[in-house]
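Input: a single structure, listed below in structure tokens.
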Amino acid sequence: MSMTRINIADARASLSRYLARVEAGETITLCRRNVPIAEIRPIDSAPMKQRPIGIDRGMTLPSSFFEPLPDEVLRGFGRTRGGKRLGGDEE
């Protein structure tokens, strides 16, 4: 893997060209007046490990989760306790 040093003005002028080089695996050091300030490098496209699907196995829900929502919260969604819409026809 090669590494290139470029100044900010060069990066601005030819960003797409440098990004193509990064995509090809090159690391580019971005400099301000020839002093390194940042590095542009390729990232892994594949995740480190597969994410689990579904609910977390160790997760538990408190019993309050299943209690009805307070009236003021329901009104915020335009609903009443019976599930009817406020100020309009049913869907």
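The values are calculated or read from the model by the stated rules, or taken from the named source; none is laboratory data. Keep in mind it's a predicted model, so treat the numbers as computed, not measured. All Cβ positions, glycine included, derive from the backbone under ideal geometry; neighbour counts span all protein chains shown. Note: accessible area is taken over every heavy atom of the protein model, side chains too, but ligands, DNA and RNA are not part of it. Shrake-Rupley method; radii C 1.70, N 1.55, O 1.52, S 1.80 Å.
Evaluate the relative contact order of the chain (contact order divided by residue number), counting alpha-carbon pairs under 8 angstrom at least 6 apart; express in whole percent.
Numbers: 74 pairs, mean separation 16.6, N = 91.
Normalised by residue count, the contact order of the chain is 18 percent.
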Using a probe of 1.4 angstrom, how much of the accessible area of the chain is carbon and sulfur, in percent?
54 percent
Can you check what the Kirkwood hydrodynamic radius comes to for the chain, Cα pairs only, in Å to one decimal?
19.1 Å
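Suppose every Lys and Arg Cβ carries +1 and every Asp and Glu Cβ carries -1, with no other charges. What dipole size does the chain come out with about its Cα centre, to the nearest 20 debye? Don't skip to the end; give the middle numbers.
Numbers: 15 positive and 12 negative charges, 99 e Å.
That gives the chain a dipole magnitude of about 480 debye.
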Enumerate the calculated ³J(HN,Hα) couplings along the stretch 24-33 in order (Karplus 6.51 cos²θ - 1.76 cosθ + 1.60, θ = phi - 60°), each rounded to whole Hz, writing x wherever the residue is Gly or Pro.
7, x, 7, 9, 10, 9, 8, 10, 10, 6
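Rank by packing, highest mean first: peptides 35-45, 9-19, with packing defined as the count of other Cβ atoms within 10 Å averaged across residues. Please report the intermediate quantities before stating the final value.
Values: 35-45: 10.0, 9-19: 12.2.
So the order, starting with the most tightly packed, is 9-19, 35-45.
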